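For reference, the structure discussed in these notes is given below.
Here, each number is a calculation from the coordinates, and none is a lab measurement. All values derive from a computational prediction rather than experimental measurement. Note: ideal-geometry Cβ built from the backbone for every residue, glycine included; neighbour counts use all protein chains shown.
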């Protein structure tokens, strides 16, 4: 991993963690490993550096979409209907009278 890629990975990891304030660091690593298994068929220890960065980007996009009330990034065929946290990957639009 190049120094620039290392800085990007660490910055993205910090951003993902800040978007999930109730998650412990160990839980975040477990989530990233699970995402690697789901999307690439390999756990955290088997991911190449660029693959880990791609997983971080994907998880960040999912978290940002959830915070903004948007649909999550497009799913690949066979991908589960729930996110790594167990939340639906599609955010329901607010309904009348829901207070949102």
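Quick check on segment 1-50: take the gyration tensor over C-alpha atoms, sort the square-rooted eigenvalues as a ≥ b ≥ c, and tell me if it's rounded (a/c under 1.5), prolate or oblate.
Oblate, because a/c is 1.5 or more while a/b does not exceed b/c.
Could you order the peptides 37-43, 3-9 from most to least packed, using the average number of other C-beta atoms within 10 Å per residue?
37-43, 3-9
Measure off 7 Å from each Cα along the Cα-to-Cβ vector at residue 5 and residue 25, then give the distance between these two points in nanometres to one decimal.
Modelled inter-label distance: 2.3 nm.
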